[in-house]
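A.B. asks: Have a look at this one.
Read-outs: derived from the displayed coordinates by stated rules, not from any lab. On a predicted model such as this, the values are computed, not experimentally measured, just so you know. Cβ placement follows ideal geometry from the backbone for every residue including glycine, while neighbour counts extend to all protein chains displayed.
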Amino acid sequence: MTTTYTVEIYKKDARTKKGERLVSKNDYVVTEKSMLEHTVKNTYRQLHGFRYEIHETYVTKQNLMGGGEFTERYDTPHYCSPASESYWSM
């Protein structure tokens with residue numbers, strides 16, 4: 001079974017407030033998360049100032065009004081999600 005993952009690559013950067021900046025954000029469809037993690041770990045090494053995060057791209061949530069389940073991206077802002085009260089109060 002294939003799953004979609006999003007890889008966020010960060011690099012240390014003293015010019016920013018957080019001390020790092022987002023370098024890239026890519027989606028990958030893979031069968032095993034461990035293979036993706038191994039590839040990213042060896043490509044973007046911590047020694048060179050990189051850090052990575054791997055997220056499952058789509059998450060299942062419950063609609064606040066109807067109660068039905070739906071799928072949305074993990075990085076959807078809270079106010080844009082039908083699972084939040086602020087979405088329905090506009």
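A.B. asks: Take V59 and decide whether it is without any contact (Cβ under 8 Å) to a residue 60 or more places away in the chain, β-branched (V, I, T) and under 22 Å from D13 (Cβ atoms). First the steps, then the outcome.
C.D. replies: Numbers: without any contact (Cβ under 8 Å) to a residue 60 or more places away in the chain: yes; β-branched (V, I, T): yes; under 22 Å from D13 (Cβ atoms): no.
Here the answer is no, as V59 does not meet what is asked.
A.B. asks: Looking only at the range 30-42, filter to residues that are without any contact (Cβ under 8 Å) to a residue 24 or more places away in the chain and surrounded by 10 or more Cβ atoms within 10 Å (Cβ to Cβ); which one of those is nearest to the chain's Cα centre (by Cα)? Outline the logic, then answer.
C.D. replies: Filtering the range 30-42 down to residues without any contact (Cβ under 8 Å) to a residue 24 or more places away in the chain leaves 32, 34-35, 37-39, 41-42.
Still in the running and surrounded by 10 or more Cβ atoms within 10 Å (Cβ to Cβ): 32, 35, 37-39, 41.
Numbers: E32: 17, M35: 17, E37: 14, H38: 17, T39: 17, K41: 16 Å.
Of everything passing the filter in the range 30-42, E37 is nearest to the chain's Cα centre (by Cα).
A.B. asks: Answer yes if at least one residue in the range 43-55 is under 17 Å from T6 (Cβ atoms), β-branched (V, I, T), more than 14 Å from the chain's Cα centre (by Cα) and surrounded by 14 or more Cβ atoms within 10 Å (Cβ to Cβ), and no otherwise. Spell out how you get there, then give the answer.
C.D. replies: The first filter runs over the range 43-55 and keeps only residues under 17 Å from T6 (Cβ atoms), leaving 43-44, 50-55.
Right, trim to β-branched (V, I, T) and you get 43, 54.
Remaining after also requiring more than 14 Å from the chain's Cα centre (by Cα): 43.
Subsequent filtering for residues that are surrounded by 14 or more Cβ atoms within 10 Å (Cβ to Cβ) retains none.
No: zero hits.
A.B. asks: Condition check: part of a helix (DSSP H, G or I) and among the small types (G, A, S). Does S24 satisfy that?
C.D. replies: Details: part of a helix (DSSP H, G or I): no; among the small types (G, A, S): yes.
Here the answer is no, as S24 does not meet what is asked.
A.B. asks: May I pose another question? Say we look at the range 56-84 and pick out the residues that are of a type in the set (D, E) and surrounded by 11 or more Cβ atoms within 10 Å (Cβ to Cβ); which of these is nearest to D27 (Cα to Cα)?
C.D. replies: Of all residues in the range 56-84, those of a type in the set (D, E) come to 56, 69, 72, 75.
The next check asks that each one be surrounded by 11 or more Cβ atoms within 10 Å (Cβ to Cβ); those that pass are 56, 72, 75.
Values: E56: 9, E72: 14, D75: 12 Å.
By that ranking, first place goes to E56.
A.B. asks: T4 passes all but one of (1) out of contact with any Lys or Arg (no Cβ under 9 Å at 6 or more places or on another chain); (2) in a loop (DSSP other than H, G, I, E, B); which number fails?
C.D. replies: All conditions are met except number (2).
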